[in-house]
Amino acid sequence: MKKYLVGICSYNEGEKIKRTLQRFSDYSCYDVLIIDDGSTDGSLDDLPAGAPVEVIRNDFPHGAGYGTRQVMAYGKEKGYESVIFVSGNDKDRAEDVGKFINAMEEGYDLVQGSRYLKGGKYGAMPVYRQVATRLIHPWLFSLISGMKITDSTNGFRSVRFSMMDDERLDLNQKWLDQYELEPYLFYKAIKLGYKVKEVPVSKIYPPKAQGYTKMKPFSGWWSILRPLVYLGLGIKK
């Protein structure tokens, strides 16, 4: 039984999910779980033969938060120690996995990847996304969490499954189905006193023709800002 699970949520990622699976294939270190969130493009029809890659297929798209919750439930049920969340659109790099594993072995409960720490990389990211992910969201997140964070929107992170035993952490709230769950989990880990740290990672955007992200300009950004507003004002717990 391996300690670590790589969790990937994917929806119509085409060749990008195939490249992701090629990168994250060190099966001596981890198993891989894919949440296919209702894909219709056939991108997950052909998986590596004989590889420890499990797929949970949803009949229709439920959202990124819903998929993250499925990964957490699966990993805890199967007895893994920690999960390393990886983007299904080929933005993350497998050589960074060792940084997460080392930090988890040191006793950290949530390890956040940061493209903005020294040693991190973010490639040809659109300027407006740099402003949002390097300035606006981290500033607000740091303000309400009480911990200086440089990259609060990066989904490349690792989480210890034992956190799910904490009754103060409720991932099953319906309002967390989209992009809200990631900042919620990060914020709660800090406020509940878990050991949290950032490590430098690469987050390389694909060519524009392949699509930067499926996040919609307004509703998507409200989705990742909403937890900070709700939690900061005490509207949600």
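In this structure, does residue 141 turn out to be closer than 27 Å to residue 231 by Cβ, at pLDDT 95 or above and under 14 Å from the mean Cα position of the chain (by Cα)?
no
Quick check on my filter: what residues within region 191-206 are outside any strand (DSSP E or B), of a type outside the set (D, E, K, R), on the phi < 0 side of the Ramachandran plot and at pLDDT 95 or above?
Within region 191-206, 192, 194, 201 qualify.
For the list (1) surrounded by 21 or more Cβ atoms within 10 Å (Cβ to Cβ); (2) closer than 23 Å to residue 177 by Cα, I need the number of the one condition that residue 103 fails.
Result: residue 103 passes all but (2).
Do we have residue 127 as at negative phi and crowded, with 22+ Cβ neighbours inside 10 Å here?
no
Please enumerate the residues belonging to region 169-190 that are surrounded by 16 or more Cβ atoms within 10 Å (Cβ to Cβ) and in a helix (DSSP H, G or I).
Passing the criteria: 176, 181, 182, 183, 184, 185, 186, 187, 188, 189, 190.
Name the single residue that is nearest to residue 63 (Cα to Cα) among those in region 1-36 being touching a Cys at 6+ places or on another chain (Cβ under 8 Å) and surrounded by fewer than 23 Cβ atoms within 10 Å (Cβ to Cβ).
The residue in question is 4.
From the list 111, 55, which residue is β-branched (Val, Ile, Thr) and surrounded by 19 or more Cβ atoms within 10 Å (Cβ to Cβ)?
That would be 111, the only listed residue that is β-branched (Val, Ile, Thr) and surrounded by 19 or more Cβ atoms within 10 Å (Cβ to Cβ).
So, in region 58-98, exactly how many residues are of a type in the set (Ser, Thr, Tyr), surrounded by 22 or more Cβ atoms within 10 Å (Cβ to Cβ) and part of a strand (DSSP E or B)?
1
Given 181, 169, which one is in contact with a Leu (Cβ under 8 Å, 6 or more places away or on another chain) and farther than 24 Å from residue 88 by Cα?
169
Looking at this structure, is residue 116 over 22 Å from residue 18 (Cα atoms), aromatic (Phe, Trp, Tyr) and modelled with pLDDT of 95 or more?
yes
Looking only at region 118-128, decide whether some residue is outside any loop (DSSP other than H, G, I, E, B) and over 27 Å from residue 33 (Cα atoms).
Yes, there is a match, as at least one residue in region 118-128 is outside any loop (DSSP other than H, G, I, E, B) and over 27 Å from residue 33 (Cα atoms).
Considering only strands (runs of 3 or more DSSP E) fully contained in region 1-57, which possess at least 2 residues that are among the hydroxyl-bearing types (Ser, Thr, Tyr) and at pLDDT 95 or above?
Ranges flagged: 4-10.
Looking only at region 27-46, count how many residues are more than 19 Å from the chain's Cα centre (by Cα) and within 20 Å of residue 98 (Cβ to Cβ).
Counting residues in region 27-46 that are more than 19 Å from the chain's Cα centre (by Cα) and within 20 Å of residue 98 (Cβ to Cβ) gives 2.
I'd like the residue in region 103-142 that is free of Cβ contacts under 8 Å to residues at least 24 places away in the same chain and of a type in the set (A, V, I, L, M, F, W, C) and, out of all such residues, is farthest from residue 237 (Cα to Cα).
Here the residue is 127.
Go through region 130-168 residue by residue and tally those that are outside any helix (DSSP H, G or I), over 17 Å from residue 193 (Cβ atoms) and not basic (Lys, Arg).
Total satisfying the criteria: 8.
The values are calculated or read from the model by the stated rules, or taken from the named source; none is laboratory data. Given the structure is predicted, the values throughout are model-derived calculations rather than measurements. We place every Cβ from the backbone using ideal geometry, glycine too, and count neighbours over all the protein chains shown.
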